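The values are calculated or read from the model by the stated rules, or taken from the named source; none is laboratory data. The structure displayed is predicted, hence computed values, not measured ones. Please note: Cβ atoms are built from the backbone with ideal geometry, for glycine as well, and neighbour counts cover all protein chains shown. We work out accessible area using only protein heavy atoms, side chains counted, and drop any ligands, DNA or RNA first. Shrake-Rupley method; radii C 1.70, N 1.55, O 1.52, S 1.80 Å.
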Amino acid sequence: MQHSSPAPLTRHSYDLLLSDLFQRLEASPLCSSAEQAHDLLTSTWLAVNEQRQAPEEVLRHLRRRKLIAEHGWHNLDGDPCYRQADEAPDIRINLHRNGAIVFERLTEDASTVLFVLPGSQAP
């Protein structure tokens, strides 16, 4: 049986993955730290990609992600720390010290919040 190579991820399919991610995160327990938020985000994003049958190389890459500067995270000593989404550089993922997860779409002159999972700790 031959397997065709997967089609490249389009913006449309990335938006569907994000929608799945946001639905799963909404049903998750709240986090109490940026590290806990990162772990939840990483495991949930991996589960969404597994469900959508992402290529094994993508899944391996996701399993290795850590909350470190070498993996694209900025402001690790600040609040929030953040990184741009690999698949959509206009989307910033913010992890707050209180455990909140915030996705925002950045444009030249504005930002739009796409999703918020509050932290379990008071800000």
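Cβ-Cβ contacts under 6 Å between residues 6 or more apart (or on different chains), taken from a first residue in the range 6-29 that is at negative phi and surrounded by 10 or more Cβ atoms within 10 Å (Cβ to Cβ) to a second residue that is of a type in the set (Asp, Glu) and modelled with pLDDT under 85, are listed as LEU9/GLU87; TYR14/GLU87.
Looking only at residues in the range 74-123 that are touching a residue at least 12 places away in the same chain (Cβ under 8 Å) and among the hydroxyl-bearing types (Ser, Thr, Tyr), the one that is nearest to SER33 (Cα to Cα) is SER120.
Within the range 64-123, the residues that satisfy the criterion of being under 20 Å from SER43 (Cα atoms), open to solvent by 50 Å² or more (accessible area, probe 1.4 Å) and basic (Lys, Arg) are ARG64, LYS66, ARG92, ARG97. Considering only residues that are free of Cβ contacts under 8 Å to residues at least 24 places away in the same chain and surrounded by 14 or more Cβ atoms within 10 Å (Cβ to Cβ), which ones fall in the range 44-58? Passing the criteria: THR44, LEU46, ALA47, VAL58.
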